[in-house]
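Accompanying notes for the structure given below.
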Amino acid sequence: MATLPEIGYAQYENESDASVPLKYFYIKRQGGGWIRKVISKFTFGLSTGFGSTTFRHEVDGFGIYQNPGAAPQLFESANVTSGYSNWFNKVTTTTSAIQPGAFRVNSDTAEIGFKSNSFNIPLKATLHVEFDKYRIGGGYSIESIMMSDFKPISYGDRINNYSPEFASFVLQKYFGMIGGTVYRYNEYLLVVDANIGGYNLGKNFDKSAIKKGVFLNLGVAVEREMSEYFRLFVRPSYEIKSYKLNIPETNQSITHKFNAFYLNVGATYRFPELRRCFLKTCKAQMNHAHGNKEYRSRVHPIYKKQNPHYGENHPNLIKYKGKNKYKLNPY
Ligand SMILES: [Zn+2]
């Protein structure tokens, strides 16, 4: 017959018989699911700003002749009879002869060529992953380049400006990016990165005559962390790129450099790991659980920094804000 244990005697022989496992009381919190976890590794970036592109080419192996009151023309040094009226985006031959009073200069006696500055507005999208200080990813950018007249590099008083056949063109770029945070001060980050990739000049350019290189864009960005998900940034950068235009029947080509300076301003966003709390009346300011599911705060704006242990929506008490801050006894 079983008897109740007397006071002073142990109820069980050992601990494992006695203890009720904790799992009956606490269920491990569940986060946002694996798809959300994967997506939350990616940081999206979007930026715009302004750019200044300098087109520059030298006409080594060629000469320039300038008929009075006309556009400048190119001729092959070895063959004065073949002239060109376009050697920028495609090759156009001309039959117009050298007239009396024309100015003529050859590239073997002088450094000759043309340059042009143009203004552009880029729109750039990036996607990258960050681990430790490093980041790797890729992106796409599109910009409209407003062309202006080419000015001669030398003999500015003898050679006229050269006008491109179109006023603007759309430049598209696709690239890989690699970079890292080199310095951090509170919520500010200094990031150095490189974009390397290809570009598309659009239909104004004769693809069959053009041989493109890759472009390299080096930038230094100052990023401000608004929250763990949202950052604002300013990124000045310099870009090196060029293409070769083959001049048929000459076995020669002209290298067109179009390096550029950019100042991009934009934002990056990382998708939160946790779903937003479903409870309309819930005012929790930090990550929290309902049942065994973990949620992100409803009231915490995505652009605000949050201490993981308590909300920081109102870091300054109302009694220290606005006109109250001048009062000796706010309440
Ligand atoms: Zn909630």
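For the residue pair ASN117 and ASP60, what label-to-label distance in nm results when each label sits 7 Å from Cα along the Cα-to-beta-carbon direction?
2.6
From the phi of every residue in segment 231-236, what ³J(HN,Hα) in whole Hz does the Karplus formula 6.51 cos²θ - 1.76 cosθ + 1.60 yield, where θ is phi - 60° and glycine or proline is x?
Working through the residues one at a time gives 9, 10, 8, 10, 9, x Hz.
With springs only between Cα atoms under 10 Å apart, run a GNM on the chain and tell me which of GLU165, GLU239, GLU76 wobbles the most.
Its mean-square fluctuation being the largest, the pick is GLU165.
If one computes the Cα centroid of segment 171-243 and of segment 119-148, what distance in Å separates the two points?
5
Which of the lysines could a cross-linker span from LYS207 if the Cα-Cα distance has to be under 26 Å and same-chain partners fewer than 8 positions apart are dropped?
Those lysines meeting the cut-off are LYS90, LYS115, LYS124, LYS151, LYS173, LYS241, LYS244, LYS257.
Over the chain, give the accessible area per residue in Å² for a 1.4 Å probe, as an integer.
Value returned for the chain: 61 Å² of accessible area per residue.
Sorted by packing (mean other beta-carbon atoms within 10 Å per residue), highest first, where do 211-224, 277-290 land?
Descending mean neighbour count gives 211-224, 277-290.
What order, most packed first, do the peptides 257-263, 203-209 have when packing is the mean number of other Cβ atoms within 10 Å of each residue? It would help to have the intermediate numbers written out before the result.
Working: 257-263: 18.1, 203-209: 13.6.
So the peptides 257-263, 203-209, ranked by packing, come out 257-263, 203-209.
Could you work out the percent of alpha carbon pairs in the chain separated by over 24 Å, rounded to a whole number?
69
What residue among LYS321, LYS115, LYS37 has the largest mean-square fluctuation in a Gaussian network model of the chain, using Cα springs under 10 Å?
LYS321
Determine ³J(HN,Hα), in whole Hz, for all residues of segment 144-149 in sequence, where each value follows from phi through the Karplus function 6.51 cos²θ - 1.76 cosθ + 1.60 and θ = phi - 60°; x replaces Gly and Pro.
9, 9, 8, 7, 10, 4
For the chain, with a Gaussian network of springs between Cα atoms less than 10 Å apart, report the residue from PHE166, PHE233, PHE42 with the top mean-square fluctuation.
Maximum among the listed residues: PHE166.
The values are calculated or read from the model by the stated rules, or taken from the named source; none is laboratory data. Every value quoted in this text rests on a predicted model; they were computed, and no experiment measured them. As a convention, Cβ positions derive from the backbone with ideal geometry for all residues, glycine included, and neighbour counts pool all protein chains shown. Remember, those area values only see protein heavy atoms, side chains included, never the ligands or the DNA or RNA. Shrake-Rupley method; radii C 1.70, N 1.55, O 1.52, S 1.80 Å.
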